[in-house]
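What follows draws every value from the coordinates through simple rules; no lab data is involved. In this text the structure is predicted, and so the values were computed from the model without any measurement. No Cβ is skipped: glycine too gets one built from the backbone with ideal geometry, and neighbour counts run over all protein chains shown.
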Amino acid sequence: MKQRVILIASVVIGLVAALLTRQYLNAKDREVERKLQELTRGYTKILVLVVQRDLPAGSVLGREDIGALPMIESAVRGHVIKADEVNVNMVLNRRLIRPLQKGSPVSWSDIEGGDPVSRGLSDDVQKRMRAISIGVGGTAAVSGMVRPSDHVDVIGTFTFPSASKPGEMEMVTLTIMQDVLVLATGQETAKTLFASGNRGAGGYSAVTLEVTPREAEMLVFAEQARGRLVLTLRNRADVYYEKDLPRVDFARIQEEISTLNAFRQETLLRKRGGE
């Protein structure tokens, strides 16, 4: 009888020990799995849309222009477009508002009209950039034909104290910024125009631009200085930057008008002298 009790007790103790061991091993397995997830969380890969070749701003995306590439999710910038059939169909035949190099991920902020399901202008502003509105419309905005997603130069005319004639004022015109993206004209953005099918010409008195923080300060000062701001419209694929543009006053116009006309005739219009 005593031996039977000892045998039963041994079996029970063995079962309890096995159960405790199993629980301990399960807990260890869960801990290892949790640590593994923590280690791999920052290296999760997703398929994103990329361009297959260098594309200038204004390019209309075709199926041959885009592909898919696995990338680490934490390494790609916000609003990147995931490579699924729904997103591919939403970007096809849409226009780029920025140039993209071969292999670059495509973001909704690179596409004219942006994300169809996104709301708010802030989603269209690139990181480290700012949106700022300036009071420009009508003839100052190329007769109101500047549209969202266009690129413009900003020119200002100001009255300053003369540097050469103390006590007198002089009018000066200068290019403040070149190749600036237009985010909105009035209340219309590329997103709202895309959704409505409207062409977006005319009917606004303010234009919203995408600028750096320092450029924003210059534009605010230019408006506070009561300068007149004018936009000149660029071809979307034109990324040319003119260096060392001079300030223009009446004296400079007198000095350079002949040179500028000769340059236009001989270089831009490809005419020979005397023709």
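Computed quantities for the displayed model
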{"item": "Distant-in-sequence amide H partners of Gly58 (H built 1.01 Å from N, under 5 Å)", "result": "Leu96, Ile97, Arg98"}
{"item": "Point-to-point label distance, Arg128-Leu268, nm (Cα→Cβ direction, 7 Å offset)", "result": "3.4"}
{"item": "Extension gain (nm, one decimal) between Thr159 and Asn89, 0.36 nm per residue minus Cα-Cα", "result": "20.0 nm"}
{"item": "5 angstrom amide H check on Ile66, placed H, neighbours 5+ away", "result": "Gln52"}
{"item": "Order of Arg128, Arg30 - criterion: other Cβ atoms within 10 Å of each residue's Cβ, fewest first", "result": "Arg128, Arg30"}
{"item": "Extreme residue, positive dipole direction of segment 113-152, given options Gly138, Val152, Val125 (C-beta unit charges)", "result": "Val125"}
{"item": "Where labels lie 7 Å past Cα in the beta-carbon direction, separation of Ile257 and Thr21 in nm", "result": "10.3"}
{"item": "Principal axis dimensions, segment 45-116 - Cα atoms, whole angstrom, descending", "result": "30, 24, 20"}
{"item": "Restraint check, Lys45/Lys82; Lys127/Lys243; Lys82/Lys102, Cα-Cα greater than 20 Å", "result": "Lys127/Lys243"}
{"item": "Residues Ser164, Ser149, Ser143 arranged by fewest to most Cβ contacts within 10 Å", "result": "Ser164, Ser143, Ser149"}
{"item": "Residue-wise HN-Hα coupling along segment 146-160, computed from phi with Karplus coefficients 6.51, -1.76, 1.60 (Hz; x: Gly, Pro)", "result": "5, 10, x, 6, 6, 10, 9, 9, 10, 10, x, 10, 9, 10, 10"}
{"item": "Which of Glu210, Glu242 has the fewest Cβ neighbours within 10 Å, and the rest in rising order", "result": "Glu242, Glu210"}
